[in-house]
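Have a look at the structure below, then the notes.
The values are calculated or read from the model by the stated rules, or taken from the named source; none is laboratory data. Computed from a predicted structure; not experimentally measured. Surface accessibility is based on the protein's heavy atoms, side chains included, excluding ligands, DNA and RNA. Shrake-Rupley method; radii C 1.70, N 1.55, O 1.52, S 1.80 Å.
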Amino acid sequence: MMAGFLLDLLGMEHGIKAFMIGDDGPLPLWSKAPLTGLDDLTGAAVGSVGLGVHAMRALGVGTVVDIRAEAVDLASLDVFEGLSVAQMESAGLLASFAHMTTPNAGRRTAALSVGINLRTWNALSDAQKAIVERCIMAEHGLNRTISMHQSALTLQAAGAAINRHAMPTDIWDAQIAAANQVMSDIFAASTLDADVAGGYLFFISDVAGWSEIGEAAFVAARKGALGQ
């Protein structure tokens, strides 16, 4: 609740009421060659999106581009993140980037958002606001389910064409340190940004224990049950 309140305050500065309306789930690093260690990443031409661009730069990658904000030929890159398995197949990139490295600490998930003009939002009645919020919640769940299903089908169809790799420990550790640096930069940006970042970090630490039960344990149990 507090994190949502703080994000509303942040949106007010820009005249926007924002909602999350889709989530592609955790996204991997796609590469032309296997990533065996941090040197393979820092010496490469890398693409990312949003805050992931800042995290990659903090990690020490020399050449980093935002694949959604710039006109980038993805085929010219060595490594990038920000696309799901289904999006990779649709873009015709799976053959060139056949190596999928997960999990990814630098960018754990990718989300879509919708912004409503704040004056328009404030002019709505409480009932109208409730209807809009429920519709957005339903669309969010639907978009996430569709994205996960499409990626699962694509992964099954690709079979051995996609080489799956676990994230090398030194890359994992470097990504965590880089992500922490980006968060520190947000803290230093302004008082409101610091409050939003603080609310987010409090939420992460507050739900960590439950995540072990409600997410990690559930996923492990479901994987075992579905694998029978």
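Taking the alpha-carbon distance from LYS17 and a cut-off under 30 Å, which lysines remain once sequence neighbours fewer than 8 residues away in the same chain are dropped? In chain and number order, the partners are LYS129. Taking amide H as placed 1.01 Å from N in the peptide plane, the amide H of LEU112 sits under 5 Å from that of ILE21, GLY22, ASP23, ASP24, each at least 5 places away or on another chain.
Full extension of the chain between ALA217 and ARG119 yields a length gain of 30.9 nm, computed as 0.36 nm times the residue separation minus the alpha carbon distance. Calculated from the structure at hand, Cα Rg over 2.2 N^0.38 Å is found among [x] 1.11; [y] 1.00; [z] 1.19 as [x].
Whole-Hz Karplus values for region 206-215 come out as 5, 9, 4, x, 5, 4, 4, 8, x, 10 Hz, taken residue by residue from phi with 6.51 cos²θ - 1.76 cosθ + 1.60 and θ = phi - 60°; glycine and proline positions read x. Only protein heavy atoms count here; on that basis, with a 1.4 Å probe, ILE131 has an accessible area of about 110 Å². At the residue level, HIS140 shows approximately 50 square angstrom of accessible surface with a 1.4 angstrom probe and all protein chains present.
3J(HN,Hα) couplings calculated from phi for region 57-65 with the Karplus curve 6.51 cos²θ - 1.76 cosθ + 1.60 (θ = phi - 60°) are, in sequence order, 5, 5, 6, x, 6, x, 10, 10, 10 Hz; Gly and Pro show x. Only DSSP H runs of four or more residues enter the estimate; each adds -39500 (n - 2.57), and after division by the residues of the chain the mean residue ellipticity at 222 nm equals -17000 deg cm²/dmol.
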